[in-house]
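A quick write-up on the structure given underneath.
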There are 2 protein chains.
Amino acid sequence: MQKNKETKNFGAYMDRTIKLIKWKYTQAFKEANIDITTEQWVLLDSLSQKDGISQNELGNGSFKNAPTVSRIIDLLCKKGLTKREPSPNDRRKHHIFLTSKGKKTYQKVLPVVEDLRRKGWNGLTHEDYQQFIRIMDQIFSNFEES
Amino acid sequence: MQKNKETKNFGAYMDRTIKLIKWKYTQAFKEANIDITTEQWVLLDSLSQKDGISQNELGNGSFKNAPTVSRIIDLLCKKGLTKREPSPNDRRKHHIFLTSKGKKTYQKVLPVVEDLRRKGWNGLTHEDYQQFIRIMDQIFSNFEES
DNA sequence: CAACAATATTTGTCATAGCAAATATATTAA
DNA sequence: TTAATATATTTGCTATGACAAATATTGTTG
């Protein structure tokens with residue numbers, strides 16, 4: 001006998017919402033004439049906080065695996081927004097730095113992203129945010145532990 | 001003057017959580033010896049509720065665009081889980097049906113998915129679910145309308 | 001030191017996703 | 001009816017993401 005018969009298909013809601021969010025980011029970047037993807041923005045944002053960290057650290061901070069980070073950094077380097085520098089201490093590592101163009105781009109994108117974040121949370125309160133974080137963290141740890 | 005200075009980076013939480021959810025689904029399918037991906041499951045699930053719908057309808061129900069649906073159905077057909085049948089009314093359309101193998105697979109996957117859904121919501125209440133849906137819907141409509 | 005294990009990154013392959021364009025068919029308008 | 005338009009699907013291209021394996025380097029252990 002199944003006790004809790006009604007299961008919650010929360011994944012579909014998150015999937016739907018996150019797809020729309022990413023699409024909105026893409027549109028907003030396009031409108032602002034910024035040639036960058038949402039995921040590239042995620043790494044630029046990490047670098048703006050800790051410039052010079054390794055690809056490994058970038059991956060940990062953004063929940064991306066090593067190959068994905070490697071390829072996104074490839075693209076960012078091609079666009080001239082970041083540069084790789086070999087670590088003097090550990091020659092397996094690369095330190096990733098924002099170039100001056102990368103810093104300029106970051107400054108240009110930041111207000112666009114802040115607008116999107118504000119707009120996305122419109123009609124919701126700080127208490128809602130605490131609920132949101134609590135629920136997300138609970139789901140995360142439900143799956144993480146096992 | 002920026003009034004609401006503190007913006008909420010809710011996207012990162014959702015991104016992190018949904019990645020873990022998908023990974024758990026993948027692992028669970030593997031452990032149950034079910035050769036299927038999470039996104040393939042999404043379409044099987046739609047078909048189990050409305051067998052014979054078009055790819056277009058499948059896409060609307062799952063927030064996937066037409067090319068993505070087309071390719072996932074290709075794979076499901078290759079695996080023998082679905083079949084395409086030309087619509088007699090409108091020869092542009094295909095009706096997609098679960099094969100008997102597809103139905104068997106669905107029945108095999110369903111309890112695994114229900115376990116995952118229950119496990120994912122562990123420690124959370126039905127009220128939490130209502131909060132969750134409310135917040136997701138609000139974010140969605142914040143972006144949808146504009 | 002030599003062998004082995006661990007770590008950081010890269011490369012290859014496949015699945016998913018978005019976008020644009022091609023194709024086929026259906027609908028509407030002139 | 002023909003021409004223009006709209007719809008359903010497919011195909012090509014690129015980005016992201018997961019996984020496995022290859023490579024380079026570092027750390028550990030005998």
Leaving out ligands, DNA and RNA, calculate the buried accessible area for the pair B and A with a 1.4 Å probe, summed over both sides, in Å² to the nearest 100.
5500
Report, in cubic angstrom per residue, the convex hull volume of the C-alpha atoms of region B:25-113.
86
Note to self: C-alpha centroids of region A:1-50 and region B:69-96 sit apart, in Å, by 29
Quick check: at a probe of 1.4 Å, how many percent of the accessible area of chain A sits on carbon and sulfur atoms?
50
Dipole of region A:11-145 [Lys/Arg +1, Asp/Glu -1 at C-beta], most positive-end residue of A:Tyr106, A:His126, A:Ser62:
A:Tyr106
If I build a Gaussian network model for chain B, linking alpha-carbon pairs within less than 10 angstrom, which residue out of B:Gly59, B:Gly123, B:Gly80 has the largest mean-square fluctuation?
B:Gly123
Compute the label-point distances linking B:Ala32 to its equivalents in the other copies; points lie 7 Å from Cα along Cα→Cβ; give nm, one decimal, shortest first.
4.3
Among the listed pairs A:Lys78/A:Lys119; B:Lys8/B:Lys119; A:Lys30/A:Lys104; A:Lys119/B:Lys8, which are separated by more than 20 Å between their Cα atoms?
A:Lys78/A:Lys119; B:Lys8/B:Lys119
Expected output for region A:103-126, residues with a loss of 10 Å² or more in accessible area relative to the chain alone at probe 1.4 Å, reads A:Glu114, A:Leu116, A:Arg117, A:Arg118, A:Lys119, A:Gly120, A:Trp121, A:Asn122, A:Gly123, A:Leu124, A:His126
Cα-centred dipole magnitude for the protein assembly as shown, charges only on beta-carbon of K, R (+1) and D, E (-1), debye, nearest 20
900
Cα centre as origin, Lys/Arg/Asp/Glu Cβ charges: region B:1-139 dipole, Debye:
360
Pairwise FRET efficiency - B:Asn56 versus B:Glu145, Cβ, R0 = 35 Å, nearest 0.05
0.90
So which aspartates and glutamates can A:Lys101 reach, going by Cα to Cα under 17 Å and dropping same-chain residues fewer than 8 places off?
A:Asp35, A:Asp45, A:Asp51, A:Asp74, A:Glu85
For region B:1-143, report the accessible area per residue in Å² (1.4 Å probe, heavy atoms, rounded to an integer).
56
Heavy-atom accessible area of B:Val42 with all protein chains present, probe 1.4 Å, nearest 10 Å²?
50
Per-residue ellipticity at 222 nm for the protein assembly as shown, helices alone: DSSP H runs ≥ 4 residues times -39500 (n - 2.57), over residue total, nearest 500 deg cm²/dmol?
-22000 deg cm²/dmol
Placing a label point 7 Å from Cα toward Cβ, how far apart in nm is A:Arg91 from its equivalents in the other copies, listed shortest first to one decimal?
6.7
Output, in nm with one decimal and in ascending order, the distances from the A:Gly52 label point to the matching label points of the other copies (7 Å from Cα along Cα-to-Cβ).
6.7
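The values are calculated or read from the model by the stated rules, or taken from the named source; none is laboratory data. Given the structure is predicted, the values throughout are model-derived calculations rather than measurements. Every residue, glycine as well, gets a Cβ built from its backbone with ideal geometry; the counts of neighbours run over all protein chains shown. Ligands, DNA and RNA are stripped out before the accessible areas are found, and what is left, the full protein with its side chains, is counted by its heavy atoms. Shrake-Rupley method; radii C 1.70, N 1.55, O 1.52, S 1.80 Å.
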